[in-house]
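The values are calculated or read from the model by the stated rules, or taken from the named source; none is laboratory data. As the structure is a computational prediction, the values presented were derived from the model and not from experiment. Cβ placement follows ideal geometry from the backbone for every residue including glycine, while neighbour counts extend to all protein chains displayed. Please note that ligands, DNA and RNA were not included when accessible areas were found on the heavy atoms of the full protein model with its side chains. Shrake-Rupley method; radii C 1.70, N 1.55, O 1.52, S 1.80 Å.
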Amino acid sequence: MKVSPTMEGGLRIDPESPQDWHALRAIIMDANNCEKDLAERMGGLVSDEKLREDWQDLVVPDLRESFGDAIHYVYASIEAAAAFSGGGDSPLWITREDATSWYSALNQARLSLEEKYQFGPEPEDSPESTSLVRREALMRSQFYCALQSFILEHAMTL
């Protein structure tokens, strides 16, 4: 997969294999891979009981909608690009207008993976001592982080 900046201020992603398309689709899978969604998990961090109730009633519904919209947008973008490619080479574009949705979906995927696998800021496990599933999850998390960095640098700058 190749990722390159565009002249308009965005990114062009060129998936080069079915595995690349799978890696992009995994964003959606990982973002939705927790028992509780991110909006609800964030509410669990509020320690005061009254504030937690207010958070659940007033903040969570809007956050849930916003987070869900981002995931659906990215899903639709990936599937539209994959359908257009017809199994061949077709780029996926992240424009300035798309950047916030992509950043949000990638962040949700990374947070979900972190919650499930507890990687921490610098994973200490050596590749030989880690399960294949955990290594693959770590590689996806690192891919999402790199893609977020590209989005910040090329699509979210003024």
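Figures for the structure shown
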{"quantity": "Residue of LEU63, LEU51, LEU111 that the Gaussian network model of the chain assigns the largest fluctuation, springs spanning Cα pairs under 10 Å", "calculated": "LEU51"}
{"quantity": "Convex hull volume per residue in cubic angstrom - Cα atoms of segment 1-41", "calculated": "78"}
{"quantity": "Unit charges on C-beta of K, R, D, E only; dipole of segment 26-96, Debye", "calculated": "240"}
{"quantity": "Tail weight of P(r) past 24 Å, computed on alpha-carbon pairs of segment 1-125, percent", "calculated": "39"}
{"quantity": "Accessible area expressed per residue, the chain, with surrounding protein chains retained (probe 1.4 Å, Å²)", "calculated": "61"}
{"quantity": "Over segment 1-74, volume per residue of the alpha carbon convex hull, in Å³", "calculated": "120"}
{"quantity": "About the Cα centre, charge dipole magnitude for the chain (Lys/Arg +1, Asp/Glu -1 at Cβ), debye", "calculated": "300"}
{"quantity": "Rounded tilt (10° steps) of 18-31 against the dominant C-alpha axis of the chain", "calculated": "10"}
{"quantity": "Apportionment of accessible area to carbon and sulfur, segment 25-72, percent (1.4 Å)", "calculated": "53"}
{"quantity": "Per residue, the convex hull volume that the Cα atoms of segment 74-116 enclose (Å³)", "calculated": "78"}
